[in-house]
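A short worksheet on the structure shown next.
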Amino acid sequence: MLKRHVAIIGGGISGLEAARVLSKSGHEITIFDAGEKLGGHVAQWDLLFPNMRKSSEILTALLNQLPKSIHILSKTTIKNIERFNGYYVIHSDRVENVLADAVLFAGGFDTFDAQRKEEYGYGIYDNVITSIELENKIKDHRFITAQGTKPKRVAMIHCVGSRDEKVCNNYCSRVCCVTAVKQAIEIKKTSPETEVFCFYMDLRMFGRHFEELYREAQEKYGIQFIRGRLSEASEAQDKTIIVKAEDTLLGKPLKMNVDLMVLMVGMELSKALVPLVEKMQLEVGDDRFIMPLDEQLYPNQTKKEGVFVAGTCTGPKNIPETLNDARSAAVSIMSYFDQLSNKN
Amino acid sequence: MSKFGFTILKDQQLDYDNLSRDLALHIQKTEPSISSCMSCGSCAGSCSASRFTQFSFRKLVINIQRGNDKQIVNEIQKCMLCGKCMLVCPRGVNTRNVIYQLRKVLNEKKHHEV
Amino acid sequence: MKVEGKRRLWQDYQKEVAEDKFFYVRSCIRQTFFPGSERAFIKIIGTELGKEINEDPAHTSCTGIGYHTDIVPFETTQTVVARQFSLMTEAGLENYVPSCITSFGLYTEILETWEHFPLIEEQIRENLYKATQRTFNKPKNLAHASDVIFKFRHEIAAKAKHKLIDVHTGRPLRVVEHIGCHYSKMFPHKGIGGAEYPYVLAGMVEAWGGEVIDYPERRHCCGFGFRQYLVQANRGYSIACSQKKFESMQPYEPDMIITNCPGCPMFLDRWQYVIGEMEKVAYGPNGQMIPVFTYEEVAGLVLGYDPWELGLQMHQVNCEPVLDKMGVQYDPELKYKGSKGEFLGVPAIPEFLKCC
């Protein structure tokens, strides 16, 4: 078998897992990552749904499995990718260009910029935070309001930047519902006397043990679920947040003061990836995520020969799905290499 | 007021901060399965009383949870305690006991007030 | 509250407002509600700032009230508006400045409609021509009169005789700014600062020394809503909206309210009296009410105009507490006298509220 070179864009979990599988089969790998450390979003996270496992365990396992032979170019921004003599030439802000037989886009997602939902007051009201910030607060044992007090009441706002035409995101980001339930439980574990309310439209508990987690949140932790999308938030004089929504199951508008409002921000295609996607003329869907060649049959190939996709750059996914997708992409790349060899 | 020919409309909004949690906490204690409710509505769909009155066990649960007590007193009289809702509930809520506990506490309250 | 957060958002809602040569169109109802305001606008823009400002007596209602009460069909409304544009075109002008918020909203709606449906524009041009033999150009710049004052707020501040500051204590006056719904709720990008945190009035208040109050129900409609107040029996719905706002702003102890719509100052001003009489509540200090102003009136006071010339005696809520705080000189004797010194009559004293 001919040893081929794969350039992987993104050192998050999908890039790492694809790198592991491909290098195990004897291929040479270069991972490009804009950050300092590998691991992408998972490296920023604390506990995972539905089993409250430490995300660092996953990352450590992935990194430990990574062969030493892999080239890692961190803190590197790719400027352009060109097709040349059957290869891809990757121009980055490094001096030397990289030549690859195949390119794998594993550039992942960015969380939705909550400031775009102006009426929610993120970046304006002190006690409106995102799910990312809550994760860190709990991890660092700083579950407090901007005023330094312990929150007596918290609202978790589902679907921020998802299922919302007003921010041009009609799609569901999938993982936010179960993340809200997971974080609500963590709040109750950290501070049992805090009341927690989830404002949701539908609870999309799609994965194994997700529904059970939801039920546990209700039964064991007394977390309240209010069906109604947040319509607007305001800041009261005492810096608490006034939440306005409809309790759609009662058919009545509802208002409550909360000490902390947590926005469950959804996923968008990584902004860093957008210029490359445009330059390479990869097809994107109406959700602006990259379109694979065929959503059912060839989910990891693209219309460009030798260009593959893995992970959340083709739409929101959870960790097991992302890892499976990475393995599937690695298999696609290997069979592409087989085809190339057979042709020659 | 006759001077103006109209009166000021009352706010329909549920103001959670001004509603009482007492009843919710009491029912939670006496019939903890109420917290399992996921508002699917199969109880109300199968309910004999719901066919002829405004009664809905699903709504009742939310009114208890929100502390919207005023609605509850009249509602619980409509239940015939037949128990069909218990058969269909996918989350195993002891619906009859919720009604029973509500009647008990609300009747006691009424009695006390008299 | 992080004001930088708002300032960042305001950057996204900048709006071009013409520098000079305005075609000004008056509101149907403001001249009776707040009769000094439009006159003050013309004086400020024309005399004070030396800009060219034109009017045409042939200008009519935009039909906004009829349109919003389902009496006038949209096609008719568009044709009437097309005629207003033809008056502007005939005057050789292209910067259209309506005094009314509903007109501004309606003009914006019509221009947007024509932009997206050119065939409708053609039809309206034909309607107008058949009816009046008129043709028209669309305005190059459409700005509400409050946008124009906003644009020149620093020039006005530079000429200020009074600031929105309590002269006795040096404390900035606490101001509630209330924006008409049709200013930016329909087209957020057509309003300065957008719809969620509009900056048009807040910018004036800041420039003139005051402090803006951000209270929870700031986005709530005043309740004017056309068909709600037109029918007496429906006014309970209308007044309940204003009441929501008053209850929400009261804890912040506002010194005054500033507005940019014909209906809002009318209702926020008059309803305080009605609520006071009905429910025996006052939203200001010591059984008093919160004075309500139009932005032209506030600009006029800042520039040192006589309060009675600005028509402040026509307010239900007495403006004197604000005049005293700002250090504005006035003759109480002249309050209810007309321009020729004739007695205009004095309003009845409310049963509950304290007004003097």
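One table, with the values for the structure above:
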item: The stretch A:114-267: C-alpha gyration tensor shape, a/c 1.5 cut-off, then a/b vs b/c; result: rounded
item: Where GluC sites (Glu not before Pro) in DSSP loops with at most 12 other Cβ within 10 Å are excluded, longest remaining stretch of chain C; result: C:53-341
item: Long pairs among C:LYS163/C:LYS244; B:LYS78/C:LYS280; A:LYS166/A:LYS252, criterion Cα-Cα beyond 31 Å; result: B:LYS78/C:LYS280
item: Percent antiparallel among DSSP beta bridges (both partners in chain A, rounded to 5); result: 50 percent
item: Shielding by partners, peptide C:136-142 (average Cβ within 10 angstrom, other chains); result: 0
item: Over chain C: helical MRE at 222 nm, DSSP H runs n ≥ 4 each giving -39500 (n - 2.57), nearest 500; result: -12000 deg cm²/dmol
item: Rounded if a/c under 1.5, otherwise prolate or oblate - the stretch C:153-334, Cα gyration tensor axes; result: oblate
item: Amide H contacts of A:ILE29 (H built 1.01 Å from N, under 5 Å, at least 5 apart or other chain); result: A:VAL6, A:HIS71
item: Modelled FRET efficiency - R0 60 Å, B:CYS40 with C:GLN250, Cβ distances, 0.05 increments; result: 0.90
item: Amide H within-cut-off set for A:MET156, under 5 Å, with H built and near neighbours excluded; result: A:PHE197, A:CYS198, A:PHE199, A:VAL262
item: 3J(HN,Hα) from dihedral phi, the stretch C:163-177, Karplus parametrisation 6.51/-1.76/1.60, rounded to Hz, x for glycine, proline; result: 10, 7, 9, 6, 5, 7, 10, x, 7, x, 5, 8, 10, 8, 9
item: Peptide B:7-20, shielding by other chains (average Cβ, 10 Å cutoff); result: 6
item: Backbone HN-Hα couplings from phi across the stretch B:27-39 [Karplus 6.51/-1.76/1.60, Hz, Gly and Pro as x]; result: 5, 3, 6, 7, 9, x, 5, 4, 6, 7, 4, 10, 6
item: Loop-resident sites, the stretch A:58-127, for trypsin sites (Lys or Arg not before Pro), counting at most 14 other Cβ within 10 Å (DSSP); result: A:LYS68, A:LYS75
item: Paramagnetic reach from B:GLN54 in the stretch B:70-114 [backbone N under 14 Å; point 7 Å along Cα→Cβ]; result: B:70-78
item: Count of lysine pairs in the stretch C:1-138 with Cα separation under 28 Å (8 or more residues apart, or interchain); result: 12
item: Calculated FRET value between A:GLN65 and B:LEU87, using beta carbons and R₀ = 41 Å, to 0.05; result: 0.20
item: Residue among A:MET201, A:MET264, A:MET256 with the largest mean-square fluctuation in a Gaussian network model of chain A, springs linking Cα atoms under 10 Å; result: A:MET256
item: For A:LEU254, distant residues with modelled amide H under 5 Å away; result: A:ALA245, A:GLU246, A:ASP247, B:LEU14
item: Helical mean residue ellipticity (222 nm; -39500 (n - 2.57) per DSSP H run of 4+; nearest 500) of chain B; result: -14500 deg cm²/dmol
item: Number of partner chain Cβ atoms within 10 Å, mean per residue of A:118-127; result: 5
item: Computed E for C:LYS354/C:TYR330 - FRET, C-beta separation, R0 25 angstrom, nearest 0.05; result: 0.80
item: Non-local Lys pairs in the stretch A:1-149, i.e. 8 or more apart or on different chains, that have alpha carbons under 16 Å apart; result: 6
item: Volume in Å³ per residue [convex hull over Cα atoms, computed for the protein assembly as shown]; result: 233 Å³
item: Listed residues B:LEU60, B:LEU87, B:LEU102, most fluctuating in chain B (Gaussian network, C-alpha, under 10 Å); result: B:LEU87
item: Note, ³J(HN,Hα) from phi for the stretch A:272-281, Karplus 6.51, -1.76, 1.60, rounded to Hz, x at Gly and Pro; result: 5, 7, 4, x, 5, 4, 5, 4, 8, 6
item: Contour minus Cα-Cα distance for A:VAL331 and A:LYS304 (0.36 nm per residue); result: 8.0 nm
item: Extension gain from C:GLN14 to C:LYS140, taking 0.36 nm per residue of separation minus the Cα-Cα distance; result: 43.7 nm
item: Within the stretch A:23-73, GluC sites (Glu not before Pro) in DSSP loop having at most 11 other beta-carbon neighbours inside 10 Å; result: A:GLU36
item: For chain A, calculated [θ]222 nm from helices alone, where every DSSP H run of n ≥ 4 adds -39500 (n - 2.57); result: -8000 deg cm²/dmol
item: Unmatched cysteines, chain B - criterion: no other Cβ of a Cys under 4.7 angstrom; result: B:CYS37, B:CYS40, B:CYS47, B:CYS79, B:CYS82, B:CYS89
item: Sparsely packed trypsin sites (Lys or Arg not before Pro) within the stretch C:303-356, loop by DSSP, other Cβ within 10 Å at most 13; result: C:LYS340
item: Residue among C:PRO262, C:PRO332, C:PRO307 with the largest mean-square fluctuation in a Gaussian network model of chain C, springs linking Cα atoms under 10 Å; result: C:PRO332
item: Cα shape, chain A, gyration tensor, a/c 1.5 rule; result: prolate
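Each value in this text was obtained by applying a stated rule to the coordinates, not by laboratory testing. All figures in this text were calculated on a predicted structure; none of them were measured in a lab. Glycine also receives a Cβ, built like all others from the backbone with ideal geometry; neighbour counts cover every protein chain displayed.
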